[in-house]
Amino acid sequence: MLELDVEEITALQDRQTVGWHADAPLETSDGLLGLVEQNHRRNFDLWHEEDQARREDRGFEHVYRAKRAIDRYNQQRNDLIERIDDAILGAAGPFEDDRAVNSETPGMIIDRLSILALKAYHMDEQARREDADAEHRSACAAKLSVIEAQRRDLAAALARLFDDFNTGSRGFRVYRQFKMYNDPDLNPQLRGSRREKAD
């Protein structure tokens with residue numbers, strides 16, 4: 001029996017988003033929620049590193065270092081999505097081949113909820129900016145409303161998916177992402193660079 005509370009997942013993402021931005025010490029979670037939290041932290045770090053990479057006033061070295069960090073966080077993020085899925089599969093029990101297969105895994109949906117939590121936080125900041133004009137704040141408030149609706153809908157879809165697991169009407173498979181960009185055996189540019197160094 002799979003016992004997961006989607007509201008607990010989204011509340012954790014909201015709580016940690018606020019805490020990390022305030023640089024406040026926060027209690028960490030264990031088990032599956034701990035994996036959800038780690039995934040959210042990678043998205044948090046990825047979000048801010050991507051902001052840094054878009055700065056054009058810091059020079060090429062700054063962008064290079066940001067790009068390396070982005071690749072590292074993205075790999076960790078994808079690894080954590082698969083670890084979340086493995087943990088859920090372990091709790092849900094074996095997958096029966098006659099069940100309908102969901103197009104996205106729970107880990108992928110939780111990852112999308114994480115990104116929406118970050119979007120909501122930053123759009124809310126923009127909607128309340130005192131140094132921005134009323135038109136900017138109003139436009140951002142409207143965007144925030146859409147983000148919040150999307151997040152509610154996605155959370156409800158995940159809750160239904162968990163219910164379907166428990167009734168046996170739907171399941172999922174973990175196919176693995178097989179990310180190629182960080183693997184020197186799979187990325188031809190990295191492989192070529194390695195050969196050039198050897199020569």
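The values are calculated or read from the model by the stated rules, or taken from the named source; none is laboratory data. Bear in mind the structure is a predicted one, so any value in this text is a computation, not a measurement. Cβ: placed from backbone, ideal geometry, glycine included. Neighbour counts: every protein chain shown. Accessible surface is based on the protein model in full, side chains and every heavy atom, while ligands, DNA and RNA are left aside. Shrake-Rupley method; radii C 1.70, N 1.55, O 1.52, S 1.80 Å.
What is the spin-label model distance, in nm, from Glu104 to Asp51 if the labels are put 7 Å beyond Cα along the C-beta direction?
2.4 nm
Using only alpha carbon pairs under 8 Å that are at least six residues apart, calculate the relative contact order of the chain and give it in whole percent.
Result for the chain is 26 percent.
Rounded to the nearest angstrom and ordered from largest down, what semi-axes does the equivalent ellipsoid of segment 75-117 get from its C-alpha gyration tensor (root of 5λ)?
Over the Cα atoms of segment 75-117, the semi-axes work out to 21, 12, 8 Å.
Tell me, what % of the accessible area of the chain is carbon and sulfur with a 1.4 angstrom probe? Intermediate results must be reported in sequence, preceding the final value.
Details: 5900 of 12210 Å².
C and S atoms contribute 48 percent here.
Placing unit charges on C-beta atoms (Lys and Arg positive, Asp and Glu negative, everything else neutral), compute the dipole magnitude of the chain about its Cα centre in debye, rounded to 20.
740 debye
How big is segment 43-182 along each principal axis, measuring the range of its Cα positions in Å and listing the largest first?
So the three principal-axis extents are 55, 37, 18 Å.
Applying 1/(1 + (r/R0)^6) with R0 = 25 Å to the Cβ-Cβ distance of Phe60 and Gln126, what FRET efficiency is obtained, to the nearest 0.05?
0.30
Provide the FRET efficiency to the nearest 0.05 for the Glu135-Gln76 pair, computing r from the beta carbons and using R0 = 45 Å.
So, using R0 = 45 Å, E works out to roughly 0.70.
Quick one: among Glu148, Glu104, Glu27, which has the greatest mean-square fluctuation in a GNM of the chain with alpha-carbon springs under 10 angstrom?
In the Gaussian network model the winner is Glu27.
Output the direction-averaged projected area (hull surface divided by four) of the convex hull of the alpha-carbon atoms of segment 1-69, in nm². Each step should come with its number before you reach the end.
Values: hull surface 23.8 nm².
Computing the convex hull of the Cα atoms and averaging its projections yields 6.0 nm².
Multiplying the sequence separation of Ser145 and Thr167 by 0.36 nm and subtracting their Cα-Cα distance, what value in nm do you get?
Between Ser145 and Thr167, full extension yields 4.6 nm more.
Based only on Cα atoms, what mean projected area does the convex hull of segment 1-125 have, in nm²?
Averaging across all directions leaves 9.3 nm² for the Cα convex hull.
Which three extents, in whole angstrom, do the alpha-carbon atoms of segment 87-153 cover along their principal axes, largest first?
Result, largest extent first: 56, 20, 12 Å.
Below 8 Å, C-alpha to C-alpha, sequence gap of six or more: please give me the relative contact order for segment 44-144 in percent.
Normalised by residue count, the contact order of segment 44-144 is 18 percent.
So what J values fall out for segment 15-26 if you push phi through Karplus, 6.51 cos²θ - 1.76 cosθ + 1.60 with θ = phi - 60°, rounded to Hz, Gly and Pro as x?
Working through the residues one at a time gives 4, 6, 4, 5, x, 5, 5, 8, 6, 9, x, 10 Hz.
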